[in-house]
Structures are given as structure tokens and as C-alpha cells.
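Working notes, beginning with the structure itself.
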Amino acid sequence: MKTLNLKTTVFAIVCFIYASNRCDAQQGSVSVNQDKKIVTLLDLKKDMNKNESDTDRYKIQIYSGNRTTAETYRSDFNSKFDKWNSTIQFETPNYKIWVGNFRTKIEADRALKEIKQKFSSAFVFKPKK
């Protein structure tokens, strides 16, 4: 019985070695044929993404008040959240901290849920500039 198991094991090893020598990886090349308009659309999308001052976007306001407190809030925000940019805006007589540049209200609401854990007075709005 031991010789049968030994013969089976040896046979299996020889078959494995033979099969592994006979198997070769496939070599090939891929060519992509795409419409020229796709490149134009991608360039247009890149330009749209660069336009940060687009008025059709949503922002989150986390503070409105005096300048020194606004700077404190902004540095506090930047240390806790690195996903979104924050800016200080001056609208007479207050300095305001605005966060993000969200395309949709849903995207802004998702961020607001996370931001409200640290800044409870935060809210979503759409600038009128």
C-alpha cells in the first residue's frame, strides 16, 4: 500500500512538473480605437472641474463672526478635515468660513453630516455671487 501511495505521489509530481513546463503565459497587445470626440469631452470635463468659482455649486458655512475667531475656526477645521478646502469670506460686517465646493445638494448634505459632528452650527447654502 505504501508503494502505491508513493507511486501515485511521484506520478502526480512528474505530471505537475511536466504541465508547468508546457504552460506558457499568453503574450499579446491591446489597441484601443476610440472616437476623437472623447478626448474633446475629457478636456471639457477637466476645464469644468477647474472652475472652482462656479456659482451653481453648494458650500457649507461653519462660522460667521469676527476675524480672529474666524481664523481660529478655519485652522481648527483644517486640522480635523483635510477632504475639503476652507476659505474665509468677508461680508460686511462678518467674516465667514466656507467649506467645500459641492456639485449637488446630496454631496453637500453628506459632508455636512460629517462636519456637524465637530461644528454643530454648520449649514449648507448656495452662494449668490
Sum of -39500 (n - 2.57) over DSSP H runs of 4+, divided by residues of the chain (222 nm, nearest 500)
-15500 deg cm²/dmol
Please determine, in degrees from 0 to 90 and to the nearest 10, the orientation of helix 2-22 with respect to the longest principal axis defined by the Cα atoms of the chain, where the helix direction is its Cα long axis.
60 degrees
Taking the 0 to 90 degree range and rounding to the nearest ten, how far is the long axis of helix 36-50 tilted relative to the main principal axis of the chain, both from C-alpha atoms?
40 degrees
Using 0.36 nm per residue, how much length does the chain from ILE38 to ILE106 gain when fully extended, once their Cα-Cα distance is taken away?
21.7 nm
Between the Cα axis of helix 105-115 and the main Cα principal axis of the chain, the angle (0 to 90°, nearest 10) is 90 degrees
Go through [x] 24; [y] 49; [z] 58 and flag the label whose value is the computed percent of Cα pairs over 23 Å apart for this structure.
[z]
Computed FRET efficiency, Cβ-Cβ of LYS46 and ASN85, R0 25 Å: what is it to the nearest 0.05?
0.85
Whole-percent tail of the Cα-Cα distance distribution for the stretch 54-129, cut at 22 Å, equals 16 percent
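None of the figures in this text is laboratory data; all of them are computed from the coordinates on show. The shown structure was predicted, so the numbers you read here are calculated from the model rather than taken from an experiment. FYI the Cβ positions are ideal-geometry reconstructions off the backbone, even for glycines, and counts take in every protein chain you see.
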